[in-house]
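To keep things clear, I will list the structure first and then write my remarks on it.
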Amino acid sequence: GDWIKFNARGGCVIYGRSDSTINRQGFRMGTSEIYRVVERFAEVVDSLVIDLEALGQESYMPLFIVLREGATLTNELQAAIKRKIREELSPRHVPNAIFAIAEVPYTLSGKKMEVPIRKILLGQPIAKAVKRDAMRNPGALDYFLNFRAMKPSQ
């Protein structure tokens, strides 16, 4: 699906995708394919990838990873992750940046909260983007609210 807004004249503006499918330069890929590659690294426990496409702007796709205890997000690990994604999946789906996080936000039913996090990072008010009482770990949102406030360079 897409996010659209209808105007008073009956026209519409398409803002982008409303699901978590990543469409970069016309090539679609499910997030699970990226997770399959990233989570094979011994240092990585969990991951979350979000494509932040916005109208009139180039896509920015950060990858958030939870590191195994004692592991560090080094330049070498980042390069290795990007290389594996490029080789095994697609050069178009290599993340723009990789960030270490404490935990991936999950629903009570155990699904990664890709779409709500995407909405938050694109500036939607948190109350409209997610219901904290439907989360297994609502504290995980704090990182993404701070991330949005910092607006890393795209």
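The values are calculated or read from the model by the stated rules, or taken from the named source; none is laboratory data. All values derive from a computational prediction rather than experimental measurement. Positions of Cβ are backbone-derived with ideal geometry, glycine not excepted, and every protein chain shown enters the neighbour counts.
Listed here are the residues, each with its yes/no results for (1) within 27 Å of G123 (Cα to Cα); (2) exposed (fewer than 13 other Cβ atoms within 10 Å of the Cβ); (3) among the small types (G, A, S).
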position: S59; (1), (2), (3): yes, no, yes
position: V66; (1), (2), (3): yes, no, no
position: G70; (1), (2), (3): no, yes, yes
position: L89; (1), (2), (3): no, no, no
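For beta carbons closer than 6 Å, sequence separation of 6+ or different chains, a first residue in the range 62-81 that is touching a residue at least 40 places away in the same chain (Cβ under 8 Å) and under 15 Å from P95 (Cα atoms) and a second that is surrounded by fewer than 17 Cβ atoms within 10 Å (Cβ to Cβ) and aliphatic (A, V, I, L, M), the qualifying pairs are P62/A97. Got at least one residue in the range 13-34 being modelled with pLDDT of 95 or more, crowded, with 17+ Cβ neighbours inside 10 Å and of a type in the set (A, V, I, L, M, F, W, C)? Scanning the range 13-34, I find at least one residue that is modelled with pLDDT of 95 or more, crowded, with 17+ Cβ neighbours inside 10 Å and of a type in the set (A, V, I, L, M, F, W, C), so the answer is yes.
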